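The values are calculated or read from the model by the stated rules, or taken from the named source; none is laboratory data. For clarity, every value in this text was computed on a predicted model and none was experimentally measured. Note: ideal-geometry Cβ built from the backbone for every residue, glycine included; neighbour counts use all protein chains shown. Areas reflect the complete protein model, heavy atoms only, side chains present, ligands, DNA and RNA absent. Shrake-Rupley method; radii C 1.70, N 1.55, O 1.52, S 1.80 Å.
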Amino acid sequence: MFNFSEWLKAGIIDGYKKGHTPFVKVTEMTAAYLSKGFITESQVEEIVTACPAPVEEEPAEEFAEA
């Protein structure tokens, strides 16, 4: 039988991993689906684990020559 919540979860994760869905959109969609009861908190945990927040590199500091 078709499981709608698992389908949503898989689509969110797949879209993120393939680069089609940015992290911010994953967060928005996950929160919306949870608040509407379309997915469970345990599925949210799976999404969070599978779609980590991107780590931004800090710019290298330039040292002044003395």
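Within segment 40-60, work out how many residues are more than 15 Å from residue 6 (Cβ to Cβ), surrounded by fewer than 15 Cβ atoms within 10 Å (Cβ to Cβ) and under 14 Å from the mean Cα position of the chain (by Cα). Outline the logic, then answer.
Start the filter on segment 40-60 by keeping residues that are more than 15 Å from residue 6 (Cβ to Cβ), which leaves 48-49, 51-60.
Remaining after also requiring surrounded by fewer than 15 Cβ atoms within 10 Å (Cβ to Cβ): 48-49, 52-60.
Next cut, under 14 Å from the mean Cα position of the chain (by Cα) only: 48-49, 52-55.
So the answer is 6.
So, of the residues in segment 15-39 that are open to solvent by less than 70 Å² (accessible area, probe 1.4 Å) and assigned to a loop (DSSP other than H, G, I, E, B), which turns out to be farthest from residue 55 (Cα to Cα)?
Looking at residues that are open to solvent by less than 70 Å² (accessible area, probe 1.4 Å) and assigned to a loop (DSSP other than H, G, I, E, B), I get 37.
Yes or no: residue 12 in a loop (DSSP other than H, G, I, E, B), surrounded by 15 or more Cβ atoms within 10 Å (Cβ to Cβ) and at pLDDT 95 or above?
Values: in a loop (DSSP other than H, G, I, E, B): no; surrounded by 15 or more Cβ atoms within 10 Å (Cβ to Cβ): yes; at pLDDT 95 or above: yes.
No; evaluated as a whole, the condition is false for this residue.
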